[in-house]
């Protein structure tokens, strides 16, 4: 009912979804306070991220080409490249075609992955903030908060799209690091020559990721009714764990 403008006397006026989107960038606490009051519609940020994601998909398809995307990923993984070189040419081409279809399918189905991924991550954060830090958040409020806190990712996606159209090189394009928003993109222009563990660590030091983590920290503390420091510990604690797992996996695979 709050999205329809019906508001009990004495309470702050509810924000529209567009206002929540705008406030996420300008005054995030307003967005998260609105979610805490029970305004949990999360479709606007989801639709925005989906549309921007398809814009990137179009840019990659037109300027880079899915076959080049697949070839580059094989080249960036020496073990996969070695395996591909050892199989007959016809089988190699068939596997590349399958990889192209899979890559296209991931792009097309990405909105569904966003919904599922945010739900899973929200479940972990919901349990952490409530059972470890004594919060009182509902799963729905954490889920909605995460959707809005993820909006900075559109900045990275749009920047990556611009870079692809202005300076995209099919031979060096890395779909896993398509925008110059992290240390890896600045320090290792040629990912194939970088140490995999160091590249993974440098990739995680991304200003859009840090921006999103800060919003998540503020948001989870707000909707759970705990100290903001607890939100930062919960969010950045999980992030450090995931970064270490990623670096360890990269080292093992390298």
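The values are calculated or read from the model by the stated rules, or taken from the named source; none is laboratory data. None of the values given here were measured: they were computed from a predicted structure. Every residue, glycine among them, receives a Cβ derived from its backbone with ideal geometry; neighbour counts consider all protein chains shown.
Annotations for the structure displayed:
- Within the range 170-199, the residues that satisfy the criterion of being part of a helix (DSSP H, G or I), under 16 Å from residue 246 (Cβ atoms) and within 15 Å of the chain's Cα centre (by Cα) are 176, 177.
- Residue within the range 149-164 that is in contact with a helix residue (DSSP H, G or I) (Cβ under 7 Å, 6 or more places away or on another chain), assigned to a helix (DSSP H, G or I) and over 30 Å from residue 116 (Cβ atoms) present: no
- Candidate set from the range 132-143 (those that are in a helix (DSSP H, G or I) and over 13 Å from residue 231 (Cα atoms)); member that is nearest to the chain's Cα centre (by Cα): 143
- Screening the range 16-42 for residues that are in contact (Cβ under 8 Å) with a residue 24 or more places away in the chain and in a loop (DSSP other than H, G, I, E, B) and picking the one that is nearest to residue 153 (Cα to Cα) gives 42.
- You will find that of 243, 235, the residue that is buried (at least 19 other Cβ atoms within 10 Å of the Cβ), farther than 28 Å from residue 63 by Cα and either in contact (Cβ under 8 Å) with a residue 24 or more places away in the chain or under 16 Å from the mean Cα position of the chain (by Cα) (or both) is 235 and no other.
- Search result, residues across the range 202-246 that are out of contact with any strand residue (DSSP E or B) (no Cβ under 8 Å at 6 or more places or on another chain) and part of a loop (DSSP other than H, G, I, E, B): 225, 226, 227
- Across the range 53-72, a minimum of one residue is classified as within 24 Å of the chain's Cα centre (by Cα), in contact (Cβ under 8 Å) with a residue 12 or more places away in the chain and under 17 Å from residue 146 (Cβ atoms).
- Among (1) buried (at least 16 other Cβ atoms within 10 Å of the Cβ); (2) modelled with pLDDT under 95; (3) out of contact with any strand residue (DSSP E or B) (no Cβ under 6 Å at 6 or more places or on another chain), the one test that residue 249 misses: (1)
- Residue match in the range 43-59 (condition: farther than 16 Å from residue 157 by Cα and either assigned to a helix (DSSP H, G or I) or in contact with a helix residue (DSSP H, G or I) (Cβ under 7 Å, 6 or more places away or on another chain) (or both)): yes
- Test: residue in the range 206-226 that is at pLDDT below 95 and either surrounded by fewer than 19 Cβ atoms within 10 Å (Cβ to Cβ) or more than 20 Å from the chain's Cα centre (by Cα) (or both): no
- Yes/no for residue 91 being in a helix (DSSP H, G or I), in contact (Cβ under 8 Å) with a residue 12 or more places away in the chain and over 20 Å from residue 208 (Cβ atoms): no
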